[in-house]
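See structure below.
Since every read-out is calculated from the coordinates, none of them should be taken as a lab result. On a predicted model such as this, the values are computed, not experimentally measured, just so you know. Every residue, glycine as well, gets a Cβ built from its backbone with ideal geometry; the counts of neighbours run over all protein chains shown.
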Amino acid sequence: MSQDLPRRSLLKAMPALTIAGVATPAAASDTLAVPPLTLAMRLRVLIGAPQELGMVDGVRKRVIPITGGSVDGPRLTGKILPGGADWQSIRADGTADILARYTIEASDGTLISIVNPGYRHGPAPVLARIAAGEVVDPSLYYFRTTPRFEVASDSPHGWLGRTVFLCTAARYKDHVALDIFAVG
């Protein structure tokens, strides 16, 4: 108990130290703002049948071809060109480590590359339903990505290459729906 007295005395003195100009972590008033999210675009990415590569270094690997799609939204409209793919590593716990790469053609003809890493996971019965092609409520599983865009900086879409994005997604039998938000 006698060892607690000096600590208690010090804690009582902390406000005085702050007033005297000594900064303490507990007294810091600089709280960083939580950045807002603003919907930039909605994507409907059409996909082909998964190409199973099998087990590679203890992880199930597969490639899912991207065959087209659409881009609609307040900040970007256009179409998704065929030829991209989603490379997935499926862990033993069912988590899909995703790396999608494909090209968007904006309505004005600008070509924009998107690299979209993320994760999808959830309860095994829910993931099994998705794999079977069932429509599953997206709130029953986690599917988030952090897309990055590669685009000419002097194009009307140059802002894509200097903005951080967060995406929420849903997997369907023949497509993936993505809502992409700009982080303010």
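Worth pointing out:
- Residue among 96, 106 that is surrounded by 14 or more Cβ atoms within 10 Å (Cβ to Cβ), in contact with a His (Cβ under 8 Å, 6 or more places away or on another chain), under 17 Å from residue 40 (Cβ atoms) and in contact (Cβ under 8 Å) with a residue 12 or more places away in the chain: 106
- If you check 148, 129 for being under 27 Å from residue 36 (Cα atoms) and of a type outside the set (A, V, I, L, M), only one passes: 148.
- Filtered by the rule that a residue be surrounded by 15 or more Cβ atoms within 10 Å (Cβ to Cβ), in contact (Cβ under 8 Å) with a residue 24 or more places away in the chain and not β-branched (Val, Ile, Thr), segment 120-140 gives 120, 121, 122, 127, 138.
- Restricted to segment 141-166, and to residues there that are within 21 Å of residue 93 (Cβ to Cβ) and buried (at least 16 other Cβ atoms within 10 Å of the Cβ), the residue that is nearest to the chain's Cα centre (by Cα) is 145.
- All conditions in (1) of a type in the set (D, E, K, R); (2) surrounded by 15 or more Cβ atoms within 10 Å (Cβ to Cβ); (3) more than 23 Å from residue 126 (Cβ to Cβ) hold for residue 86, with the sole exception of (3).
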